[in-house]
Amino acid sequence: MSTFKSNPPPPATVGEKLAMVYIVANALRLSFQQYLSASLFSLPPKSPPRGVLVASATFRNTFSPTNWRQHHLTGGSTSDTYKKWINEKPQKDAGYKYEVEDISSEGMDTRIMWIGKPTAKKIIMYIHGGGFVLPIATHMLQMARYMREESEKASGQEVAVAVVEYYCAPAKQFPTPMHQGVLALNHLLAKGIAPSNISFMGDSAGGHCTMSILSHILHPYPGVPHVSPISEPFASAILLSPWVCMDTSFESFKKFSHIDYITPELGGYWAECALGKGTTEAEVAAGRFHAEAMKAPEEWWNGLDRIVKFVGITVGAWETLSESIYEFAKRIEAGSGTKVELVTGEQEVHDQPPMDFLKKRPAGVVTLSMAKWLSESFRE
């Protein structure tokens, strides 16, 4: 088994750790103020619930003023988090077991962590969000478990989730997560799983990585292994609040940065960590849109219908990335020839479903839409 960690050293310094204590305390204070404000004053029509506003404020005020080393203080590596979560009583009682496959290849460390049986007929290949900087969180795993169980129940097919562990930035930058995602996909195909039995699921940065892989199939990226030849399209690509543009100058950033948790400062910082300074401009100038899906011209997506049958996209009406997601959805629908559906969570912020699982809130329209899409794609 490879010993790689999704978020390797160097760790935060003593000064950064002490500063983090103050920042978290201050974030909690500001979140309490947000709670009082939301409780005492009328909220705008269709505003996110008070609990979401408070959680967004806590995240925003914790992560915006801190750096990536401090961010890593908030959780363990992806594989460590998975191991702890899968061995907890709710998962054990439901029959889940610790299943990890080391698929390191060609000098690239990669792992797949399973939710469900690796022998299942239908597979959800899940790439998690976190700005490419944060490792997976337990509530993301809980969301993946929900999607597995709901799609299995509705489709009548045995379903498992293949969670891809990738390096966190800035230890490794673009195109490393795409490379690791390709290795995971090729591993599934090599096991004999038909493309029509594989659905992609990615939230935020995971949506970015998913679109990078689909772009790579259409337009091979230099230095990244080719995806194994396929004779039929993949079942679906489900994109939850996909991070499809690194630009933070959209009006939606100005309009919602006091409500959503992705601020212009945090979005810009994570983009620089994940891709490096000037990378996106250089990629677009070279005519490559693997890192900037929204900026791709419509013709970039020609032939996508031969790669994936359906693309489902979700967006929160109150998220700072909303403008770029709406534009991306229009362009990919116009140029791809594949079926595209966009659902807006009218009371939701960026990538809200994992947050709902964390707080044990009922499934919202975005969560229900994702489960429906996966179920439908597996029934066909």
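The table below gives the values:
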| quantity | calculated |
| --- | --- |
| Residue satisfying all of: in the stretch 126-145; out of contact with any Phe, Trp or Tyr (no Cβ under 7 Å at 6 or more places or on another chain) and assigned to a helix (DSSP H, G or I); nearest to TYR98 (Cα to Cα) among these | ARG145 |
| Boolean, SER228 is among the hydroxyl-bearing types (Ser, Thr, Tyr), outside any loop (DSSP other than H, G, I, E, B) and in contact (Cβ under 8 Å) with a residue 24 or more places away in the chain | no |
| The listed residue being surrounded by fewer than 23 Cβ atoms within 10 Å (Cβ to Cβ), at pLDDT 95 or above and of a type outside the set (S, T, N, Q), out of LEU189, LEU185 | LEU189 |
| Qualifying residue in the stretch 297-309 (condition: in a strand (DSSP E or B), in contact (Cβ under 8 Å) with a residue 12 or more places away in the chain and within 19 Å of the chain's Cα centre (by Cα)) | yes |
| Any chance ALA371 is part of a helix (DSSP H, G or I), of a type in the set (Gly, Ala, Ser) and more than 18 Å from MET147 (Cα to Cα) | no |
| The stretch 72-93 residues that are closer than 18 Å to GLU165 by Cα and of a type in the set (A, V, I, L, M, F, W, C), paired with ones that are modelled with pLDDT of 95 or more and in a loop (DSSP other than H, G, I, E, B) (beta carbon under 7 Å, 6 or more apart) | ILE86/TYR96; ILE86/TYR98 |
| Selection count, the stretch 332-369, where residues are of a type in the set (Gly, Ala, Ser) and either within 15 Å of the chain's Cα centre (by Cα) or farther than 30 Å from GLU232 by Cα (or both) | 3 |
| The stretch 259-279 residues that are free of Cβ contacts under 8 Å to residues at least 40 places away in the same chain, paired with ones that are surrounded by fewer than 24 Cβ atoms within 10 Å (Cβ to Cβ) and polar (S, T, N, Q) (beta carbon under 7 Å, 6 or more apart) | GLY268/THR248 |
| Matching residues, the stretch 172-213, being touching a Phe, Trp or Tyr at 6+ places or on another chain (Cβ under 8 Å) and of a type in the set (A, V, I, L, M) | MET178, ILE198, MET201, ALA205, ILE213 |
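This table checks each residue for (1) out of contact with any helix residue (DSSP H, G or I) (no Cβ under 7 Å at 6 or more places or on another chain); (2) surrounded by 24 or more Cβ atoms within 10 Å (Cβ to Cβ); (3) hydroxyl-bearing (Ser, Thr, Tyr).
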position: TYR261; (1), (2), (3): no, yes, yes
position: TRP270; (1), (2), (3): yes, yes, no
position: GLU281; (1), (2), (3): yes, no, no
position: VAL284; (1), (2), (3): no, no, no
position: ALA291; (1), (2), (3): no, yes, no
position: PHE310; (1), (2), (3): no, no, no
position: ILE313; (1), (2), (3): no, yes, no
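The values are calculated or read from the model by the stated rules, or taken from the named source; none is laboratory data. Treat the numbers as computed from the prediction; the structure is a model and nothing was measured. Don't worry about glycine lacking a Cβ; one is built from the backbone with ideal geometry, like all the others, and counts go over all protein chains shown.
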